[in-house]
Amino acid sequence: MKKKVIIGFCVLVVIIAIASQGGTDDEKSNDNQISTTENVVDNTSKESASKATEEPKKEEKYSTSLTAGQYVSGIDFPAGTYNIKAKSGNGNVSSSNMYSGGLNEIMSLEDDGISIKDFSNAKFPEGVVLSISSDLKIEISTDAADVSGMKKRENKNAKEVTLKSGNYVAGKDFNVGTYDIVAVKGSGNVSSSNLFDGGLNEIMGVKKDGFSIKKYKNAIFDEDVELSISGVQVKLVPSN
């Protein structure tokens, strides 16, 4: 009789232990579910607060005229989708996104089978570089320019300098930076080793002769970029 009592007592202890362990797992599961729910609610609240503090996108009509140089959307003009029209001269107009909504065209006042006068719906999202060469002047216009996304150009290291014919290295012979290049004497070629990455290759001079230009805007000279000048004296002026 005593053996049956002892065996029964042991079985009861085991059942109680199992039930107790099961309860602990349920509590942990509930705790995890509560913690996960709290994290989701907390993250959602943070996202909502962040969106609430963001300024609404402001779009408006915008147009401007541009000459030879490099222009960055969001800095030199608002990002947007633009119609482009030649105003005078002739030259190439291209953008860094030429294969994804941009362009690469020869433009002039005549549609002569080589050049075109107008280009519609060129897409320039923020950060796209629009390049204009030679003596071409264009007008870009849109009904929905992202004026709220405009930023200032960071160009604090650039320093004005005048250079004559020769070869010069950015960071050694003049400070790195973004420059407007202005012809001050003579006529000749001005080119840089980063032609396809913010640089230039132009005939520059002080007189209008249909071939040369007097000013090139926003040429980018990073460390070790080489600038070559032949036959003309130029001034490098930090771009705004």
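The values are calculated or read from the model by the stated rules, or taken from the named source; none is laboratory data. Note that this is a predicted model, so its numbers are computed, not measured. Every residue, glycine as well, gets a Cβ built from its backbone with ideal geometry; the counts of neighbours run over all protein chains shown.
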Does region 60-68 contain any residue that is surrounded by 16 or more Cβ atoms within 10 Å (Cβ to Cβ) and of a type in the set (D, E)? no
Matching option when the condition is within 19 Å of L227 (Cβ to Cβ), at pLDDT below 95 and not hydroxyl-bearing (S, T, Y), among L163, L195: L195
So, N218, is that one assigned to a strand (DSSP E or B), surrounded by 15 or more Cβ atoms within 10 Å (Cβ to Cβ), among the polar types (S, T, N, Q) and over 24 Å from the mean Cα position of the chain (by Cα) or not? no
Listing of strands (runs of 3 or more DSSP E) fully contained in region 59-101 that carry 2 or more residues being under 16 Å from F196 (Cβ atoms), under 20 Å from the mean Cα position of the chain (by Cα) and not assigned by TED's automatic domain parsing to the domain that holds F211: 69-72, 91-95
Give the residue that is surrounded by the most Cβ atoms within 10 Å (Cβ to Cβ), with candidates limited to residues of region 200-215 that are closer than 28 Å to G74 by Cβ and in contact with an Asp or Glu (Cβ under 9 Å, 6 or more places away or on another chain). I213
What are the residue pairs meeting all of these: first residue in region 131-158, first residue on the phi > 0 side of the Ramachandran plot and surrounded by fewer than 18 Cβ atoms within 10 Å (Cβ to Cβ), second residue assigned to a strand (DSSP E or B) and modelled with pLDDT of 95 or more, Cβ atoms under 6 Å, and 6 or more apart or on different chains? none
Condition check for D135: among the charged types (D, E, K, R) and either farther than 26 Å from F196 by Cβ or part of a strand (DSSP E or B) (or both): no
Conditions (1) of a type outside the set (D, E); (2) within 30 Å of P78 (Cβ to Cβ); (3) buried (at least 18 other Cβ atoms within 10 Å of the Cβ): number failed by V232: (2)
